[in-house]
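**Q** The structure under discussion is supplied below as structure tokens; questions concerning it will follow.
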Amino acid sequence: MTDSEQQRHDLFLRLYVEHEESLRGFVRSLVPTLEDSREVVQDVAAVLWRKFEDITSMEDFRRWAFGVARLVAMEFLRTRRRDRHVFGDEALRLLAVASEESEDAFEAERRSLNDCLRKLTEEQRTLVEEAYKPGVRIDELAARAGRSAMALYKSLHRIRIALMNCTQQVLAQEERT
């Protein structure tokens, strides 16, 4: 593989991994089962890689990938049209548009939340990160921190309120620009 091909491959992987979770959710909203969505996402990844050289702007990768995903999902459903639980093309198109708009909103919320998390103090950020690790119990976390569970809950509540307010402000500011 040449350096140029390797760079192209690395760029594709970075972009795909960045948007993979959103793509999976989008595809899942279009096809009836989790197994179907896994199959479609694999097909989408293959098509994206084959057509990657056709994309003109890397900033448009997400929108382009969602368009490809919609087309692949529609083709997948067309081949299974005998199943009475499959939506028609117009219903599928409407679902795809609604899902894409929701994903755009969720992506904006994720970006805003990440920005707001960076604005927290180091102590607050560490507390949030520790509290939301899988399997963590607040009473055990409080004991390690030398605080009562109630005090820890109150701190987390204040941080969540601050994050919610910050996120809403960031989103409102983005809407104005």
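The values are calculated or read from the model by the stated rules, or taken from the named source; none is laboratory data. Computed from a predicted structure; not experimentally measured. Neighbour counts are summed over all protein chains in view; Cβ atoms, including those assigned to glycine, are modelled from backbone coordinates with ideal geometry. Heavy atoms of the whole protein, side chains included, go into the accessibility calculation; ligands, DNA and RNA do not. Shrake-Rupley method; radii C 1.70, N 1.55, O 1.52, S 1.80 Å.
**Q** For segment 89-153, what does the alpha-carbon gyration tensor say about shape, rounded, prolate or oblate, given a ≥ b ≥ c as the root eigenvalues, a/c under 1.5 as rounded, and a/b over b/c as prolate?
**A** Cα axes put segment 89-153 in the prolate bin.
**Q** Over segment 1-144, what relative contact order in percent results from Cα pairs under 8 Å that are six or more residues apart?
**A** Value for segment 1-144: 23 percent.
**Q** With labels modelled as points extended 7 Å from the Cα through the Cβ direction, what inter-label distance (nm, one decimal) is found for THR33 paired with GLN169?
**A** 4.9
**Q** Based on the Cβ-Cβ distance from LEU113 to ALA145, what FRET efficiency comes out when R0 is 30 Å, to the nearest 0.05? The partial results should precede the final answer.
**A** Details: r = 23 Å, r/R0 = 0.78.
It comes to 0.80.
**Q** Mind giving me the FRET efficiency for THR2 and SER57? R0 is 25 Å, r the Cβ-Cβ distance, nearest 0.05 is fine.
**A** Calculated value: 0.60.
**Q** Taking amide H positions as placed 1.01 Å from N in the peptide plane, with prolines and chain starts having none, which residues 5 or more places from ARG147, or on another chain, fall under 5 Å of its amide H?
**A** Under 5 Å from the amide H of ARG147: no residue qualifies.
**Q** Hey, another quick one. Compute the acute angle (0 to 90°) between the alpha-carbon long axis of helix 89-119 and the principal axis of greatest extent of the alpha-carbon atoms of the chain; round to the nearest 10°.
**A** 30
**Q** I'd like the distance between the alpha-carbon centres of segment 124-148 and segment 1-51, rounded to an integer number of Å.
**A** About 36 Å separates the Cα centre of segment 124-148 from the one of segment 1-51.
**Q** Shifting gears a bit: Given the DSSP H assignment, sum -39500 (n - 2.57) over each helix run of at least 4 residues in the chain and divide by its residue total; what's the result at 222 nm in deg cm²/dmol, nearest 500?
**A** After summing the helix terms and dividing by residue count, I get -27500 deg cm²/dmol.
**Q** Pull up the cross-link candidates among the lysines for LYS133, meaning alpha carbon to alpha carbon under 28 Å and not fewer than 8 places away within one chain.
**A** LYS119, LYS154
**Q** Then there's this: Per residue, how much accessible area does segment 17-149 show when a 1.4 Å probe rolls over the protein heavy atoms, in square angstrom?
**A** 64
**Q** Rounded to two decimals, what ratio of Rg to Rh does the chain give with C-alpha atoms and a Kirkwood Rh?
**A** In the chain, Rg relative to Rh is 1.09.
**Q** Pop out the carbon and sulfur fraction of the accessible area of the chain as a percent, whole number, probe 1.4 Å.
**A** Exposed carbon and sulfur together represent 52 percent of the surface.
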